[in-house]
Amino acid sequence: MLNVHSIESLGTYDGPGIRLVIFLQGCNFKCLYCANPDTIAYEGGKSYAVEELVQMAQRQRPFFGKRGGVTVSGGEPLMQAKELIELFRRLKEEGINTCIDTNGSILTSASKTLLEHTDLVLLDIKHIDGSKHKKLTGVSNERTLAFADYLAGINQSTWIRYVLVPGYSDDPADLHALGRRLTGMNNIEKLEIQPYHKLGVHKYESLGWPYELSGVSANTPEQLNVAKKIFEGYVKEVVVN
Amino acid sequence: MFKSGNWQNAIDVRDFVLKNVRPYDGEGDFLCDATERTDHLWKICLDAISEERANNGVLAIDNETVSGVASHAAGYIDKDKEIIVGLQTDQLLKRAMKPYGGIAVVEKACQEHGLEVSDRVKDIFRNYAKTHNDGVFDVYTPEIRLFRSLGILTGLPDNYARGRIIGDYRRVALYGVNRLIENKKLDMLGLTGPMNDERIRLREEVAEQIKALGELNKLGEIYGLDLSRPAQNATEAVQWVYMAYLSAVKEQDGAAMSLGNVSSFLDIYIEQDIQMGVISESFAQELIDQFVMKLRMVRHLRMDAYNEIFAGDPTWVTEAIGGRLADGRHKVTKTSFRFLQTLYNLGPSPEPNMTVLWSPQLPEGFKKFCAQVSIDTSSIQYENDDLMQCTRNSDDYGIACCVSFQEIGKQIQFFGARTNLAKTLLLAINGGRCELSGKQVIPNIPELKSEVLDFDEVMGNFKLAMREVARVYNDSMNIIHYMHDKYYYEKVQMALVDTNPKVNLAYGAAGLSIVADSFSAIRHAKVKVVRDEAGISTDFVIDGEFPCYGNDDDRVDVFATEIPAYFNGLLKELPTYKNAEPTLSILTITSNVVYGHKTGATPDGRAKGVAFAPGGNPMHGRDKSGAVASLSSVSKIDYKDSLDGISNTFSIVPKTLGVDKEQRKENLVSIMDGYFSKDAHHLNVNVLNREMLEDAMEHPENYPQLTIRVSGYAVNFVRLTRAQQQDVIARSFFETI
């Protein structure tokens, strides 16, 4: 059984084509800007059997077009890597494209097996600088970077995702550093810059949590452009989502 | 020049298209911009439209002349610049009186704009001529009047023209009027005895048609055109088709008067002229631009109250574009593109109502072009060509009104507005009494035994109530169409249709999502009725959760499929005027709001007065699993049980479709391929701009599944607070500039 937070049937930003996006409940990071703070707790969510989700994907399949499929996001989906293996194995059996959106902090043997059934990894790197990463997420970035190395090693198709938070993760020096770190990883097809937004703020209120980035405003087009230009020096395709 | 075929021996436009159509597999890169002449004319039209708007929605009214095919002198926008001519009256946007529907309606419409109908016309229609409206109300039963006044039946065409009949306007171009007259005269000779009611009526109808064709020739003469002979070239073909359509909208003011499927027919003439080097692509586009411009200028004189049911002064000049032929070829032509191109050359517009007959098998270039035009203009609707072709057994059809199949020249349709299923459910819960007025509407509905609704008991009563509603609805339809034929017969349109065509009777139902969710609540949760002292339901208390229609969940979607099937079955048992075939639509146009006003609280938790979801849409805010799940739910309603059409309005912001233009096009194509391959029938595609988002803030019920995405976060727009909505509006536009 998978512990699911919610399901979006028209996913157009979490991998190629039209995708069924399954958001799992529970995350081991607590990012300051998290837009879905209600997915962080391990409790809550709704149980779904693997076969239930496979059937959902099959029903939706006519919409997938040539490139779409299923994406598992979260929360942190690799928290449930073991249960996901069966889901992805079944989806691949049905010929459905699979994608996982992860913070890359959990590289267990279950994660490794799961990757064998995964067509595309969306790897969220929150920050290249260890201490700034810790400030943003509560944990260090060592394991995420090791995960990136592992993906490169097995030549796993990967898109990097990077949330550009003004004043927190947009220092050009850091962006260059991240670019350099990714250099030589030929498995990386694309880097997606995710603009910072505040649409999840009301959720903090209902959770009774403080929102620590209330003073930060959304990116200007110039800020996004600067970051895009920098990353283009290192990664073959850069898009702003 | 044209390939020969049966079309030469008989009136058979389909055969002409089949033999001569040139399917086009390419993209839209050949298309041309508007010419200077077109721009000049359109500027005059735009000025007239803004003057019209400033003048309370009506620019001018001719209160002297009763409109007919050849009633008015020629009118022009700017004569020297027009390559396609013809207006309904002698002045752009001047509206004409068509009192045969009902003189009181015309008087009211005039008075609302500070005018009086001329004494002569008043005298004729008050004292000598009888109208459709007079006829209907002479024979309406007390029962029908009650159903009508309580809002169980709404928008019945008993004081305005029924519309929905599509003349085969192509016939005038292909054959010329004289050949059509000859043909009708031959039909007349064959209509021999015994002279029973039916036969006499038909003979009189054909006689009227022949006279109307004579009038059509006169209309041509007014504009210096010889419509008596076939069109000789592309310009004439467009002009002849337009004159035929114009004659119809001069004679009738039907709620919806579709154009049919003229684009790929006209393409044959256009491509021939281009090949012969007689015209250029730019001129070809100009022909279509000017034709479409004229279609956008069609106006009818309406009362303000009409706006409640059909908001926004619509005319439904519906043109069906694309689709496939039964032999497997497709009917996408360069002129299919040229029609859509008018949305760029003249800007977006609701009219003509461009309807793409979609099949996943259509050429990719066309599918992407459609998606692009939808994204840029939100002006196209789509219907499932594969589904209609195989279910209705014809590949030469147009769309009557909004969504309804009509084989061109072979079939017509009797428009029947719609009934309110949600209110019918409340009759079932209240012993047959109206929940707002307390009036006894239906006898012999048993009172419910308990406060907590019992599924079987409510369903049993609902079926009884539906049976009674179907009976009264059928009675009203038979009366209305009998009288419409008698007093406001569509002479010129019927002259362009085969003699004695098949008739479909277009019933409609509103409130499907409410009924489905109500039964889901009754079955899966505990629903308690709150009643007033008279024992009539005022509210419902729901204890527990229940699945809602719009989430691809069979536990509730089953009600959305079974209820139309059951109601349709009841309608099919009843005898119809002219042996029309009963068909049902799940369609509301804009009446979903009015229906809401007239309906008390329902067991799904909807409060009294709240607007219904439009057509087959799930209730807004209840389809929580995203657009694809919502589309999947709607696709389950079986077209075979709702042959008049199942309307679904899909609204999405550009960003949600994808990060850039290419991806948006690709994804929209995937959505439509997916939706229609699941045997769904119809889709309105709104890719929203700022104006629409602002409108959505004021009328959230019209934007049930408007989704916004801002990197990694998806939200239903109408569920945001006002401040957030304003934020999103500012943000979205900031980003797209």
Distant-in-sequence amide H partners of B:Glu581 (H built 1.01 Å from N, under 5 Å): B:Val503, B:Asn504, B:Leu505
Taking R0 as 51 Å and r as the Cβ-Cβ distance between B:Lys439 and B:Glu691, the FRET efficiency 1/(1 + (r/R0)^6), rounded to the nearest 0.05, comes to 0.75
Using alpha-carbon coordinates, inclination of helix B:554-572 to the longest axis of chain B, degrees: 60 degrees
Violations at 32 Å Cα threshold for listed pairs A:Lys134/A:Lys228; B:Lys94/B:Lys368; B:Lys122/B:Lys491; B:Lys463/B:Lys598; B:Lys250/B:Lys578; B:Lys423/B:Lys491 -> B:Lys94/B:Lys368; B:Lys423/B:Lys491
Can you list the trypsin sites (Lys or Arg not before Pro) in region B:399-496 that are in a DSSP coil and have 15 or fewer other beta carbons within 10 angstrom? B:Lys410, B:Lys439, B:Lys449
Percent RCO, i.e. relative contact order, over chain A, from Cα pairs under 8 Å lying at least 6 residues apart: 17 percent
Name the residues of region B:619-636 whose amide N is less than 14 Å from a point 7 angstrom out from the Cα of B:Asp554 along the C-beta direction? B:633, B:636
Within 10 Å of each Cβ in B:656-668, the average number of Cβ atoms from other chains: 4
Taking only Cα atoms and a 10 Å spring cutoff, compute GNM fluctuations for chain A and point out the largest among A:Pro172, A:Pro210, A:Pro16. A:Pro210
State to the nearest 20 debye the size of the charge dipole of region B:233-330 about its Cα centre, where the only charges are +1 on K and R beta carbons and -1 on D and E beta carbons. 160 debye
Computed for B with A: buried accessible area summed over both chains, 1.4 Å probe, rounded to 100 Å², at 2900 Å²
Give a residue-ordered list of calculated ³J(HN,Hα) values for region B:619-624 (Karplus: 6.51 cos²θ - 1.76 cosθ + 1.60, θ = phi - 60°; whole Hz; x for Gly, Pro). 4, 5, x, 9, 8, 9
Row for the protein assembly as shown, column shape: gyration tensor on C-alpha, a ≥ b ≥ c, rounded if a/c < 1.5 i.e. under 1.5, prolate if a/b over b/c, else oblate; value prolate
Average Cα contact separation per residue, chain B, under 8 Å, 6 or more apart, as relative contact order %: 14 percent
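Within 10 Å, count the other beta carbons around each residue, average over each peptide in B:259-265, A:59-65, and list them highest first.
Per-residue Cβ counts within 10 Å, averaged per peptide and sorted highest first, yield B:259-265, A:59-65.
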Of the listed peptides B:603-616, B:625-638, A:83-96, B:194-207, what is their order by residue-averaged count of other C-beta atoms within 10 Å, with the highest listed first? B:625-638, B:603-616, A:83-96, B:194-207
From the Cα gyration tensor of region A:1-76, with a ≥ b ≥ c the square roots of its eigenvalues, which class applies: rounded if a/c is under 1.5, or else prolate if a/b is larger than b/c, or else oblate? oblate
Heavy-atom accessible surface of chain B: percent carbon and sulfur, 1.4 Å: 49 percent
Rounded to the nearest Å, the spacing of the alpha-carbon centers of region B:640-682 and region B:15-87 is 30 Å
With a/c under 1.5 counting as rounded, go ahead and sort region B:196-312 into rounded, prolate or oblate using the C-alpha gyration tensor (a ≥ b ≥ c being the square roots of the eigenvalues; past the cut-off, prolate if a/b is larger than b/c, else oblate). oblate
To the nearest 0.05, the calculated FRET efficiency linking B:Ser118 and B:Asn55 through their beta-carbon distance, R0 being 22 Å, is 0.60
Longest principal axis of chain B (C-alpha) makes with the long axis of helix B:334-345 (C-alpha) an angle, in degrees to the nearest 10, of 70 degrees
Per residue of A:62-70, other chain Cβ atoms within 10 Å number on average 6
The answer for B:Ile321, listing residues at least 5 apart or on another chain whose modeled amide H is closer than 5 Å to its amide H, is B:Thr355, B:Val356, B:Leu357
Counting sequence-distant residues (5 or more places) and residues on other chains, those with an amide H built under 5 Å from that of B:Ile166 are B:Gln413
Sum -39500 (n - 2.57) across every DSSP H segment of at least 4 residues in chain B, then divide by the residue count to get the 222 nm mean residue ellipticity, nearest 500. -14000 deg cm²/dmol
Under Karplus coefficients 6.51, -1.76 and 1.60, residue-wise ³J(HN,Hα) of region B:252-257 in Hz, glycine/proline x: 10, 10, x, 3, 9, 10
Looking only at other chains, what is the average number of their beta-carbon atoms within 10 angstrom of each beta-carbon in A:196-202? 5
Using the basic label-point model (7 angstrom from Cα toward the beta carbon), what is the A:Ser206 to B:Asp197 distance in nanometres? 6.2 nm
Report, to the nearest 10°, how far helix B:197-222 tilts away from the longest principal axis of the Cα atoms in chain B, using its own Cα long axis and a range of 0 to 90°. 50 degrees
Using a 1.4 Å probe, what is the accessible area per residue for chain B, in Å²? 34 Å²
Efficiency of FRET from Cβ geometry, B:Asn307 and B:Glu221, R₀ 41 Å, rounded to 0.05: 0.65
Restricting to Cα pairs below 8 Å that are 6+ residues apart, what does the relative contact order work out to for region A:99-241? Please round to a whole percent. 23 percent
With +1 on the Cβ of every Lys and Arg and -1 on the Cβ of every Asp and Glu, the dipole magnitude of the protein assembly as shown about its Cα centre, in debye rounded to the nearest 20, is 540 debye
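The values are calculated or read from the model by the stated rules, or taken from the named source; none is laboratory data. All of these numbers come straight from a predicted model, not from anything done at the bench. Using ideal geometry, Cβ is built from the backbone for each residue, glycine included, and neighbour counts are taken over all protein chains shown. When the accessible area is computed, the model is the full protein with side chains, heavy atoms only, and any ligands, DNA or RNA have been set aside. Shrake-Rupley method; radii C 1.70, N 1.55, O 1.52, S 1.80 Å.
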